[in-house]
Structures are given as structure tokens and as C-alpha cells.
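The values are calculated or read from the model by the stated rules, or taken from the named source; none is laboratory data. Please read all numbers here as calculations on a predicted model, not as lab measurements. For neighbour counting, all protein chains shown are included, and Cβ atoms are generated from backbone atoms with ideal geometry for every residue, glycine included.
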Amino acid sequence: MKTLTHLLCLSLIASVMLTACGKKGAPHAPGPASKITYPHTYPPE
């Protein structure tokens with residue numbers, strides 16, 4: 001039982017640490033906005 005508790009605690013700590021590594025905010029393309037080509041709308045065919 002003690003091993004199970006240790007395993008549970010380690011997995012909880014690992015998940016919290018990995019969650020803290022995420023970036024904050026919405027994703028965006030690198031570079032200046034004037035140089036970003038995509039996404040853009042396509043003309044209807």
C-alpha cells in the first residue's frame with residue numbers, strides 16, 4: 001500500500017510540473033504580423 005501511495009504522489013507531482021511548463025496565452029505564428037501569409041481565405045471555385 002505504501003508503494004502505491006508513493007507512486008500516486010510521484011505521478012501527481014510529475015503531472016503538475018508538466019502542466020506548469022505550458023505556454024500562456026493563445027498560440028501565434030512567429031515573426032511580424034506583416035510577414036505572416038497563413039491563414040488567409042481562398043477564393044471560391
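In the range 1-11 there is no residue that is at pLDDT 75 or above, of a type in the set (Val, Ile, Thr) and surrounded by 10 or more Cβ atoms within 10 Å (Cβ to Cβ). If you check 34, 15 for being part of a helix (DSSP H, G or I), surrounded by fewer than 10 Cβ atoms within 10 Å (Cβ to Cβ) and modelled with pLDDT of 75 or more, only one passes: 34.
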